[in-house]
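Chemist: The structure's right below; bear with me while I get my questions together.
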Amino acid sequence: MNNSLSNTARLIGAGLRALLALTVICGVLYPLAVTGIAQALFHDKANGSEIKDKSGTVVGSSLIGQTYNQPERNPDDPEEAAEPDLKWFQPRPSGGLGTNSVNTQYALILSGATNRSADNGAVDGRCTEDAEEGTLCAQVVAAKEAVVADNSTAGHPIEPEDVPADAVTSSGSGLDPDISPQYAKIQIHRVAERNGLDVEQVEKLVADHTTGRTLGFMGEPRVNVLALNTALKALTQR
């Protein structure tokens, strides 16, 4: 009996010492080490990849897309789409799933694709104006028409074939912060006109905020919309 109690006490003591040691190592020392390395070597990324305006105010994260819309006309009607504020560069559509329909806004609580096939609503294998309302093809056709209408300016019309895929489709997460250089390019004349800027100034902004392929071969060239619009705001407030 005494041996049994002694062994039990010894095992309990060993278990408590192991628990204490592992708690200190895994729950204190390891997190502190990882946090210290992250803050020292990857300070920006470790703190959310924040983007700040010229006053130092955080305006968002470079990893999460945002909308640039006019104030809501009817806040009591969540299904009434907000009009884009065309003085800003516009992001690609958001594909986050809403409660009743496909959510076209960048609601951070929602992330995901539409899960609709590429030919959803297609007629004879193509997305046309005859696509059934509510289908992916109908949304793409409507989005392309809107992009053409919004970005055509006097002396610089946008043709439907100029509209890249990312201008009318969302990313897999629905929260993509980047657009293609092609989509940024077709917005340049509209942004310049709406802000009273020279086209060359806006072209330089886009060029300065265009990032190439990661390590030279992974992914595609891209433009971060939040960083670009933050620089645009600084330019217009000089």
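The values are calculated or read from the model by the stated rules, or taken from the named source; none is laboratory data. Every value quoted in this text rests on a predicted model; they were computed, and no experiment measured them. Cβ sites come from the backbone with ideal geometry, for glycine too, and all protein chains shown count toward neighbours.
Chemist: Could you say which residue among 65, 56 is assigned to a loop (DSSP other than H, G, I, E, B), modelled with pLDDT of 85 or more, surrounded by 11 or more Cβ atoms within 10 Å (Cβ to Cβ) and assigned by TED's automatic domain parsing to the domain that holds residue 83?
Modeler: 65
Chemist: Inspect segment 201-213 for any residue being farther than 21 Å from residue 235 by Cα and out of contact with any Ser or Thr (no Cβ under 7 Å at 6 or more places or on another chain) and give the result as yes or no.
Modeler: Within segment 201-213, one or more residues are farther than 21 Å from residue 235 by Cα and out of contact with any Ser or Thr (no Cβ under 7 Å at 6 or more places or on another chain).
Chemist: Taking residue 117, is it of a type outside the set (A, V, I, L, M, F, W, C), modelled with pLDDT of 75 or more and surrounded by 18 or more Cβ atoms within 10 Å (Cβ to Cβ)?
Modeler: Criteria not met by residue 117.
Chemist: Of all the residues that make up segment 1-32, how many are within 25 Å of residue 61 (Cβ to Cβ) and among the hydrophobic types (A, V, I, L, M, F, W, C)?
Modeler: Looking only at that region, the number is 1.
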